[in-house]
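Here's the structure we're looking at; comments come further down.
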Amino acid sequence: MIKFDPQQRICRDPATALFLTLGAVSAFSSIQEGKEQKKALNMQADQQREQARLAAVEAEEEATRREEERDRTLATQRMAFTANGVKLTPAAGSSIALMDETARQFNLEIQAVRRRGAAETKFGFREAQISENKGRAALLQGFSQAAGTASSTFVTGKKEGIF
């Protein structure tokens, strides 16, 4: 039986004292590990959110460039037709149809750029949320492991007559 002096609350058996100390250290380490994992995953989530915001900005900038390119191309077509004596009226037929088709193609590309940007943004924010959830889970796991270690240490201490 382990010698324990209730008046001094000191365990006189070095092996048991070491066991209890290691149990406490292990529990503390589990909590700290959970905290560190949560911190790292929150940092990852912050980076993912920033990348998502950048994807939205870059997509909008690309869409704006494509709109400007569309406007320049249509202006060039208009000038070319006018320079060759083509009047741009509804009766002009194929000239107007060509410009309409040019605008339609550019608009499709612009819409695709915006949709891609929206999808990348949504994906990035979803990934950030997943990372945050993993961080919370890691923290809870750390506390759970600490509770298991403390419980195991207590049970062993109870069996040995320490508690």
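Taken together, the values in this text are just the output of simple stated rules run on the coordinates, not laboratory data. For clarity, every value in this text was computed on a predicted model and none was experimentally measured.
Some points to look at:
- For segment 47-139, the percent of C-alpha pairs falling in each 10 Å distance bin, counted from 0 to the bin holding the largest distance, reads 16, 29, 20, 15, 11, 6, 3, 0.
- Lysine pairs meeting the criterion (Cα under 26 Å, 8 or more apart or interchain), as found in the chain: 8
- Between helix 94-159 and the chain: long-axis angle, C-alpha atoms, 0 to 90°, nearest 10: 0
- A Cα-only calculation for the chain places Rg and Dmax at 34.5, 112 Å.
- Hz values of 3J(HN,Hα) by residue in segment 16-31 - Karplus curve (6.51, -1.76, 1.60), Gly and Pro given as x: 5, 4, 5, 4, 5, 5, 5, x, 5, 5, 4, 4, 4, 4, 4, 5
- Helix-only mean residue ellipticity at 222 nm for the chain, each DSSP H run of n ≥ 4 adding -39500 (n - 2.57), per residue, nearest 500: -31500 deg cm²/dmol
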